[in-house]
Amino acid sequence: TTAANVGTYATVATVDSPAIVAGSSNMLDVPVPPPPFRPVAAGNNYSCALRDPGSVKCWGTNSNGELGQGNNIARRGDEAGEMGTNLVAAALGTGRSARAITAGAGHTCVLLDNASVKCWGLNSSGQLGLGDVASRGDGAGEMGDNLLAVDLGPGRTAPAIVAGDSPTCALLDNATVKCWGGKSSGQLGLGDTANRGDGANEMGSNLPAVNLGTNRTAIAITAGQLHTCALLDNATVKCWGENANGQLGLGDVAKRGDGPGEMGDSLPAVSLGTGLTPVRVDAGGFQTCAVLNNGSVKCWGQNGNGQLGLGDTNRRGDNAGEMGDALPAVDLGTGRTVVFVDAGPASSCAILDNAALKCWGANTGRLGLGDTADRGDNAGEMGDALPAVSLGTGRTAMWVAVGATHGCALLDDAGYKCWGLNGF
């Protein structure tokens, strides 16, 4: 199975794993199963694709070396002759290949074939996990064998990774979660607001695992702009970090994870409704979405652009009585169920059981509907009234990634198409 989640500018991915994870296809009857690796990531004004046999190519902005080209001079994809064979793959190290990619606001991470993690790009908060704040990939000689793997602890490997706005999290082979980078809102889940990974001796054995509760382990992770969520082994979701918009789904706006005594058994699970359990969870900018065991999707948090898909702009999850049975499912059409959902900063996209792709929320072209009108913020815009994204005659989406202002999809013919803002 595979995992995929997105943060505010983030798209997460995992390698094959025996666990049931967010974004996997083993919980629902999926007509077009996702590929066995995370094939595309959409960051903040850049994108990356994972191609057989495990090479990574990135294009768009390169101000922090996020493309992994060994410089921060030139954007890629904004001029003729820069794509295709002219686009150089990121150097991952001798004999190494990538099994998954994830893109944050300005940093990129890959999960390698040996289950180690390497990250490059912006490192102002230690999000690369290398014990300093020096960016990587923006200068010569910084990639390949010279780029160190993240120290996750003695003998530990990672079946899943996710990059948020500034933090990075890994789901480890022992089903624990470790997060590093920026932590102003408690999104690292360690009971304080200190960064990790930006100084010596903060990684490896010195980096605590997130306390998810007595005997609880994680099977999937996702990171938003300032909040993080985990799908647990008991089929519940717990979220921590910033909560000003109710994105933690706890009926208030209090942060969790930034002070002592807020994690573990003290952190409530998100209530999603009677008899409903999550099979995928995805953290967007300031909202969170979950695919449930009945094939429906529920979203909560910020809703200024209709990103919750409920026909209004009212937040959900920030007040008592808004979650559980009181939280409506997103209407994506008569008889339709959801295979996969990806949430961005102010919009979301879902692949449906008929392999159609529908997107809603803020629309600077990122909804792929040929206009700039938001969807989901007014009555009558969802359900059968919401058009599917046109990907070409006979083409369907195998995977979708929502970035800061654009979206990308892997198609059923192994092609990639991206839409939205294109200034870079």
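The values are calculated or read from the model by the stated rules, or taken from the named source; none is laboratory data. Owing to the predicted nature of the structure, the values given are computational and were not obtained by experimental measurement. Glycine also receives a Cβ, built like all others from the backbone with ideal geometry; neighbour counts cover every protein chain displayed. Ligands, DNA and RNA are excluded from the accessible area calculation, which covers all protein heavy atoms including side chains. Shrake-Rupley method; radii C 1.70, N 1.55, O 1.52, S 1.80 Å.
Details
- Test: residue in region 228-239 that is in a loop (DSSP other than H, G, I, E, B), surrounded by 20 or more Cβ atoms within 10 Å (Cβ to Cβ) and not polar (S, T, N, Q): no
- Yes/no for ASN195 being more than 24 Å from THR94 (Cα to Cα), without any contact (Cβ under 8 Å) to a residue 40 or more places away in the chain and either over 16 Å from the mean Cα position of the chain (by Cα) or buried (at least 24 other Cβ atoms within 10 Å of the Cβ) (or both): no
- Failed condition for LEU248, given (1) part of a loop (DSSP other than H, G, I, E, B); (2) surrounded by 19 or more Cβ atoms within 10 Å (Cβ to Cβ); (3) out of contact with any His (no Cβ under 7 Å at 6 or more places or on another chain): (3)
Listed here are the residues, each with its yes/no results for (1) open to solvent by 10 Å² or more (accessible area, probe 1.4 Å); (2) touching a Lys or Arg at 6+ places or on another chain (Cβ under 7 Å); (3) free of Cβ contacts under 8 Å to residues at least 12 places away in the same chain; (4) closer than 23 Å to GLY43 by Cα.
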| site | (1), (2), (3), (4) |
| --- | --- |
| ALA254 | yes, no, yes, no |
| PRO268 | yes, no, no, no |
| VAL281 | no, no, no, yes |
| ASN293 | yes, no, no, no |
| LEU310 | yes, no, no, no |
| GLY317 | no, no, no, no |
| SER348 | no, no, no, yes |
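- LEU369 free of Cβ contacts under 8 Å to residues at least 40 places away in the same chain, crowded, with 18+ Cβ neighbours inside 10 Å and outside any helix (DSSP H, G or I): yes
- Residue list for region 319-334, restricted to those being surrounded by fewer than 16 Cβ atoms within 10 Å (Cβ to Cβ) and either within 14 Å of GLY361 (Cβ to Cβ) or not β-branched (Val, Ile, Thr) (or both): ASN319, ALA320, GLY321, GLY324, ASP325, ALA326, PRO328
- Any chance ASP318 is in a loop (DSSP other than H, G, I, E, B), more than 21 Å from LEU226 (Cβ to Cβ) and not aliphatic (A, V, I, L, M): no
- Selected residue [closer than 16 Å to GLY65 by Cα, touching a Ser or Thr at 6+ places or on another chain (Cβ under 6 Å) and hydrophobic (A, V, I, L, M, F, W, C)] from ALA163, ALA175, ALA140, ALA149: ALA163
- Scanning region 172-191 for residues that are open to solvent by less than 10 Å² (accessible area, probe 1.4 Å) and modelled with pLDDT of 95 or more returns LEU172, VAL177, CYS179, TRP180, GLY181, GLY186, GLN187, LEU188, GLY189.
- Restricting region 335-346 to residues that are free of Cβ contacts under 8 Å to residues at least 60 places away in the same chain and more than 20 Å from the chain's Cα centre (by Cα), the residue that is least open to solvent (accessible area, probe 1.4 Å): GLY335
- Filtered residue count, region 37-70, keeping only those that are of a type in the set (D, E, K, R) and under 15 Å from the mean Cα position of the chain (by Cα): 1
- Output for region 372-396, where each listed residue is closer than 14 Å to THR313 by Cα, among the hydrophobic types (A, V, I, L, M, F, W, C) and open to solvent by less than 30 Å² (accessible area, probe 1.4 Å): MET382
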